[in-house]
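Notes follow once the structure below has been shown.
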Amino acid sequence: MFKINGNHLAFIGVTGAGLALVAYVLFGPSNKPKSTKKSGFCGLQNLGTTCYLNTLLQSLASCPMFVEWLDQQSKSSTVSYTLNKTLKFLTGARYNDDGILSPIELVTVLTKVGFHFKPNLQADVHELFIHLFSVIEDEAYKTSCSLADCLETNGNLIEKGNIQNSMKIVNNIGINVYNPSKAEGDLLENAAVISNNILNISGNIVLQGDRKSLDKNQNVKPSPFLGYLSNNIECSLCHHKLSLNYEKFYVISLSLPEYPQLKIELTDILDQYIKQEKLENLPCTNCDKNNTKTDGKSYIKSVKFGKLPSCLCLHLVRTQYSKDRPLKRKDFVGFPEYLYMDKYTSVYDQLSKLRQSREKSSSEPLERLRGNKYTYRLKAVIVHVGEHNTGHFSTYRRGTTTDHSRHRCSETRWYFTSDAHIEEVTLQQVLQSVFYMLFYEKCDT
């Protein structure tokens with residue numbers, strides 16, 4: 001009779017645990033769906049370390065504005081069309097009998113356009129997001145859109161009669177503005193001039209007179225994830241603008257504090273992202289002309305949101321290097337269901353200056369002047385379990401709605417999705433997760 005001693009039992013136990021861990025990393029939880037029909041949308045088959053693809057698809061499917069935009073794309077846009085077909089099963093528009101969808105068609109299409117799905121080698125969902133939207137842009141934005149659509153302006157606040165700036169327009173959406181008007185109430189002096197021009201997708205600015213060559217392209221609507229950052233260098237003494245540059249984005253990558261903290265909030269990280277930076281050894285020529293001493297320390301560099309997108313994607317950089325070795329930070333960062341982004345915009349600063357000049361004696365908040373124009377509601381959360389180079393991605397996402405009211409339904413259900421596995425969760429569970437990427441959608445105003 002074969003006897004199993006304690007050492008054999010220990011070996012079998014360790015081996016079994018190891019195999020279970022490998023299976024989880026490669027394929028995630030069991031592929032048996034849970035409550036799939038109740039959720040109203042399909043789970044996704046893991047094709048071998050494709051959990052990062054599945055989490056991105058579930059997150060995009062939870063953003064109705066993006067799904068609606070995909071519906072408007074041409075069938076000749078292969079990636080957009082195939083992505084749209086896949087998302088139909090994740091929004092409840094279409095359904096499989098077994099509640100599981102294989103994303104093999106989309107994988108095949110993405111492979112043809114340069115994204116390599118390597119068996120047993122996990123990629124990063126953030127990198128996939130960037131690659132996917134780069135391809136979508138190549139398909140949809142071979143045309144041009146007006147700069148007025150790309151940069152936020154407020155027609156009620158612009159007084160074109162006060163614009164007396166001379167402007168130099170350069171490539172890469174760089175704009176140098178000299179001698180800005182000091183007239184009281186002169187608001188958004190740059191935007192008023194800029195909005196009369198056309199921005200093409202290569203980043204050049206085309207004057208109004210060239211609009212005719214772009215007429216056939218004006219029907220193209222930008223992706224709801226497309227936004228613009230404004231990078232401004234301005235003298236803190238005379239407010240001379242050395243440069244004003246606009247940079248497009250589809251996702252914003254945020255950094256954790258250098259050292260772990262007991263409590264970190266998403267708004268704290270956003271505050272740090274737009275924090276002003278004082279530039280050294282850069283004398284202001286305008287101050288020098290007026291014999292104002294600056295010691296080369298008067299210029300301030302600031303980053304603001306020049307144009308916020310309808311769908312806002314935030315990525316938290318969790319990889320940190322210690323002694324040249326990459327390590328994953330697992331800090332918990334609190335994030336809200338509703339995110340108010342107005343104070344991070346360039347227009348908010350302009351309104352602040354307006355109030356200071358016109359209403360010095362008034363304590364009226366800026367929101368009374370502008371309102372909460374940029375209020376976002378949480379749609380999906382991507383989380384990662386494991387270390388920096390291995391592990392498993394999963395998603396918390398909102399359920400589907402039948403009345404197409406994106407934000408009015410306060411009782412929208414939340415679901416945890418991990419490949420084919422779907423189960424209902426509470427909003428509180430979602431807000432307690434350690435997020436890697438967040439997906440917000442702008443509320444109706």
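The values are calculated or read from the model by the stated rules, or taken from the named source; none is laboratory data. The structure displayed is predicted, hence computed values, not measured ones. Don't worry about glycine lacking a Cβ; one is built from the backbone with ideal geometry, like all the others, and counts go over all protein chains shown. Heads up: the accessible areas ignore ligands, DNA and RNA and are worked out on the full protein's heavy atoms, side chains in. Shrake-Rupley method; radii C 1.70, N 1.55, O 1.52, S 1.80 Å.
For (1) within 18 Å of residue 434 (Cβ to Cβ); (2) open to solvent by 90 Å² or more (accessible area, probe 1.4 Å); (3) at pLDDT 90 or above; (4) touching a helix residue (DSSP H, G or I) at 6+ places or on another chain (Cβ under 9 Å), each residue gets a yes or a no:
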residue: 311; (1), (2), (3), (4): no, no, yes, yes
residue: 321; (1), (2), (3), (4): no, yes, no, no
residue: 331; (1), (2), (3), (4): yes, no, yes, no
residue: 337; (1), (2), (3), (4): yes, no, yes, yes
residue: 366; (1), (2), (3), (4): no, no, no, yes
statement: Just one listed residue, out of 92, 99, is surrounded by 17 or more Cβ atoms within 10 Å (Cβ to Cβ) and either touching a Gly at 6+ places or on another chain (Cβ under 8 Å) or modelled with pLDDT of 50 or more (or both), and it is 99
message: Pairs please, first residue from the range 69-82 and of a type in the set (S, T, N, Q), second anywhere and open to solvent by 60 Å² or more (accessible area, probe 1.4 Å), Cβ atoms under 6 Å, 6+ apart in sequence or on different chains.
response: 82/105
task: Filter the range 70-127 for residues that are out of contact with any helix residue (DSSP H, G or I) (no Cβ under 6 Å at 6 or more places or on another chain), of a type in the set (Ser, Thr, Tyr), in a loop (DSSP other than H, G, I, E, B) and over 14 Å from residue 138 (Cα atoms) and give the result.
output: 95, 102
